[in-house]
Structure formats: structure tokens, C-alpha cells
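J.: Sending over a structure as C-alpha cells; questions will come in a sec.
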Amino acid sequence: MLNDDHIYGGFDLTFIDINIHPLDAKNTLIDRLPPLGSHHVNTKIEFIPGGNGFNLCRTLASLGRKVTYVGATSIFFERLVSEHEIPLQIESIKDAKVNFTSILNLYDGEVQFNSVKNNLSPSHLTPELVSIYRNSKLKPVSNIALNSSSIEWISSLILCLADPNHEYIFDTQADLDSKLHLIQNTSFEGMLFIDPSDISNFGRLDDFIKILKSVGTMKGEKYLSVNKNEMLTLRNHLNKTSQEIATILNIPIILHTSEIVKLYGKERYELQTKKIKDKKTFVGAGDCFNGAFLHQMFNSNSIEDSLKFAIESASFLVKTGQYPSEQDY
């Protein structure tokens, strides 16, 4: 039975973000890189807990939900969570380690340099984690390209929904086709939410698409959320339009960019984003968008209203550098 009062998220790589904010004389993010060899004086550096899954959990918690982040942890990571007064709990994935990301913030976006020292694989799954994933109303899948064993990891996670007691869940040698055969045409409760992160250089994109097609046969609520580059990667790889891809996969696709938000699927929406003059950060904006969308969907709001709320929330983060709370609306 699902736990409707408490949301479990994460289930992907954990990061500590080293945010680098090069500022101009007006304390505004610069719009281009300084020339090589120069010394940029107005620079702010901060350490914050991060990662796609963590930022999404942080958004849900800031909006007032009871949330547990499931992922790697460390003394430094938990200290940062405490220092930033992030109101969520942490469920540690045993033997998983925290990674680091250096993020260069610019006026119109950010560049990330990920140092991935540890990955997640089926060997990290335990009966307790299987139970948590099955019983949470949110079943997240994210950070596909950063995890070298992501195909094995996420296919095992999704297999948890199809058969929690099957030997393949804990079989580190089980092949992908065997897992997908067991996944197809099964059903699940809650929402399966897939945020692949940057897949433009992912060497196992065909395998990921095979997983998506199998998920498309499952009966249950699911969404694939992508940014402009991720959508372009899928379009170029499959040689299809965005709507055609949503139809082929049988999964509604949410495209979120700084200019526009679109939903492709049986329902279709197109919404304009907000124009922001003074920008504090882009880090976590996409995750904040996703978390705010989920928050409203869990409140039984319409898809269109949930997308509108997600736009407002992501805009708030970009403008203020803070995650939105219930008091901000």
C-alpha cells in the first residue's frame, strides 16, 4: 500500500555542488566566460547539497511535503543539509558515496563539471530499498548519463514495481532483455517520473530507449521530463518529432526550457515562461520545475495548472536563488 503522507525520492547519484558565481560590478552574473589567463575579482563560491534527485526532493520539502531523500550521504553532505535548513530526512544507500560537481553560473545558464567517483548498480539494492521504492507515491528515475551502470540500476528499480520478490532484482548478472520482459505490460501505483539529465553524450542511449518503451507498456501514471538539449538528442537519435516520440514511447513528455514549456502526449499544452531581468542562479531550476509540477499533481490539480505552478516556482528560484515555499504563493 502506498504511503500518501510521505514521499521518498532520489534513488540516484548524490552530489555536493561547488557553485561558482562570477559577478560584474553591479553584483549580477556575467554573460560570458572571462578570457583565459584573467583574474576575475567579483566571484562568489558556495557549497550546497545537490544532484537532480536531491534538488527535486528539496523542492517538495520546501513546499511543505514530508520527504525523505534516498541516496548516498556523508558527514559533510548532512552538515550542508543542516546549514541550509533543508527540511527533509535522508535514507542512506549503503556503500554508496557522495560525488562532487563544480558549476559555473552565467547570466543565461550554467556549465557543470561532474566528478563522479561512485556509481549505483543493482548490488546497492536491498529488500528495504525495494519496499521503499514500491510504496512511495513517487517512483523517480534520473541522472541516466552520469551513472556508468545506470541501465542496470534503473531497469532493476523499475523491475521492483513489477515483481518485488523476483530473483532478477538482486541478480547483478541479469541481462537487460530479461528484466524488460518481466516489466512489460505490468502495472504500478503512484507516479513514475523520469528525468534523464544530459544524455547528449550517453553511449547507451539505445538501451535507455528500450527501457522507456517497456515502461510505456506498463499501466500507471508516468512522465518523461526533458530540457531542450535532451529533447533534441532524442529527436536526432530517433529521427522523429517530439509528438511522434511521445506516441512511440507511450509516455507523456514534458519539455521545459527558459522560453517555453510544452507537453506532448494524448494531451498537449504550450505555455510561455516568465521573463526575468535579474537572475541569481540557474542551478536546480529544472529540478525545481519538476518538483513543483509533482507537488501540484499530488494535490490533484490539472496537468495545465501544475505546469503553470512549476513555471512560477522555477522562475522564483532563478530570480531569488531560493527554493519556493508555501508562503511564497
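J.: What does DSSP give for the chain in terms of the percent of beta bridges that are antiparallel, rounded to the nearest 5?
T.: Counting DSSP beta bridges with both partners in the chain, the antiparallel share is about 45 percent.
J.: Need the list of lysines near LYS222 for cross-linking: C-alpha distance under 23 angstrom, and skip anything on the same chain fewer than eight residues off.
T.: Qualifying lysines at Cα under 23 Å: LYS66, LYS137, LYS139, LYS179, LYS210, LYS213, LYS240, LYS262, LYS266, LYS308.
J.: Compute the signed sum of charges (Lys and Arg +1, Asp and Glu -1) over the other residues within less than 14 Å, Cβ to Cβ, of PHE188.
T.: For residues surrounding PHE188, the net value is +2.
J.: Could I ask something else about it? Counting other C-beta atoms within 10 Å, and keeping those with at most 13, which DSSP coil GluC sites (Glu not before Pro) do you find in region 238-311? Please report the intermediate quantities before stating the final value.
T.: Working: sites: GLU244, GLU259, GLU267, GLU270, GLU304; in loops: GLU259, GLU267.
Taking region 238-311 and a limit of 13 other Cβ atoms within 10 Å, the loop GluC sites (Glu not before Pro) found are GLU259, GLU267.
J.: Can you give the net charge of the other residues whose Cβ lies under 9 Å from the Cβ of PHE54, counting K and R as +1 and D and E as -1?
T.: Summing Lys/Arg as +1 and Asp/Glu as -1 gives -1.
J.: Mind checking the angle between helix 205-217 and the chain's longest principal axis? C-alpha axes, 0 to 90 degrees, to the nearest 10.
T.: 60 degrees
J.: Given an 8 Å cut-off on Cα distances and at least 6 residues of separation, report the relative contact order of the chain as a percent.
T.: Relative contact order of the chain: 17 percent.
J.: On a 0 to 90 degree scale, rounded to 10, what angle separates helix 228-238 from the longest Cα axis of the chain?
T.: For 228-238 against the chain, the angle is about 40 degrees.
J.: Same structure again: Rounded to the nearest 0.05, what FRET efficiency is calculated for ASP108 and LYS44 with R0 set to 22 Å and r the Cβ-Cβ distance?
T.: Once the sixth-power term is evaluated, E becomes 0.75.
J.: Using modelled amide H (1.01 Å from N, peptide plane; none on Pro or chain starts), what sits under 5 Å from the amide H of ILE7, excluding residues fewer than 5 places away?
T.: Close amide H contacts, sequence-distant or interchain: LYS66, VAL67, THR68.
J.: Could you work out the relative contact order of region 169-277, using alpha carbon pairs under 8 angstrom and six or more residues apart, expressed as a whole percent?
T.: Reported relative contact order: 22 percent.
J.: Which cross-chain or sequence-distant (5 or more) residues have an amide H under 5 Å from the amide H of TYR269, H modelled 1.01 Å from N in plane?
T.: Residues meeting the criterion, in which the H sits 1.01 Å from N, are LEU263.
J.: Another question, if that's okay. List the residues, sorted by chain then number, that are 5 or more residues from LYS222 or on another chain and whose placed amide H is less than 5 Å from its amide H.
T.: It is LEU192, by chain and number.
J.: Once phi is turned into θ = phi - 60°, what whole-Hz ³J(HN,Hα) does the Karplus curve with 6.51, -1.76 and 1.60 give for every residue of region 267-283, x standing for Gly and Pro?
T.: Running phi through 6.51 cos²θ - 1.76 cosθ + 1.60 with θ = phi - 60° gives 9, 9, 9, 9, 10, 7, 8, 8, 7, 10, 7, 9, 10, 9, 6, 10, 5 Hz.
J.: Between GLN272, GLN184, GLN173, which gets the highest mean-square fluctuation from a Gaussian network model of the chain, Cα cutoff 10 Å?
T.: GLN173
J.: Is the shape of region 94-217 best called rounded, prolate or oblate, per the rule: a/c under 1.5 gives rounded, else a/b larger than b/c gives prolate, else oblate, with a ≥ b ≥ c the square roots of the Cα gyration tensor eigenvalues?
T.: Values: a/c = 1.82, a/b = 1.63, b/c = 1.12.
Here region 94-217 falls in the prolate category.
J.: Given a 10 angstrom Cα cut-off, can you work out which residue in ILE103, ILE45, ILE20 is the most mobile in a GNM of the chain?
T.: Of the options given, ILE45 has the highest mean-square fluctuation.
J.: Output ³J(HN,Hα) for region 107-122: one whole-Hz value per residue in order, computed from phi by the Karplus curve 6.51 cos²θ - 1.76 cosθ + 1.60 with θ = phi - 60°, and x for Gly and Pro.
T.: 4, 10, x, 8, 10, 10, 10, 8, 10, 9, 9, 8, 10, 10, 9, x
J.: Something else: Can you show me the helix-derived [θ] at 222 nm for the chain, built from DSSP H runs with n ≥ 4 at -39,500 (n - 2.57) apiece and divided by the number of residues, rounded to the nearest 500.
T.: Using -39500 (n - 2.57) per qualifying helix, the result is -10500 deg cm²/dmol.
J.: Then there is this: Using Cα atoms only, what is the angle between the long axis of helix 52-62 and the major principal axis of the chain, expressed in degrees (0 to 90) to the nearest 10?
T.: It works out to around 80 degrees.
J.: Using Cα centres only, tell me the gap between region 22-86 and region 104-119 in whole Å.
T.: When both Cα centres are located, 11 Å separates them.
J.: Which of these, THR186, THR43, THR233, has the largest mean-square fluctuation under a Gaussian network model of the chain (Cα springs below 10 Å)?
T.: Looking only at THR186, THR43, THR233, the largest GNM fluctuation is found for THR43.
Read-outs throughout are calculated quantities, based only on the coordinates presented, and are distinct from any laboratory measurement. From a predicted model like this one, the values you see are computed outputs, not experimental measurements. Neighbour counts run over all protein chains shown; Cβ positions are idealised from the backbone, glycine included.
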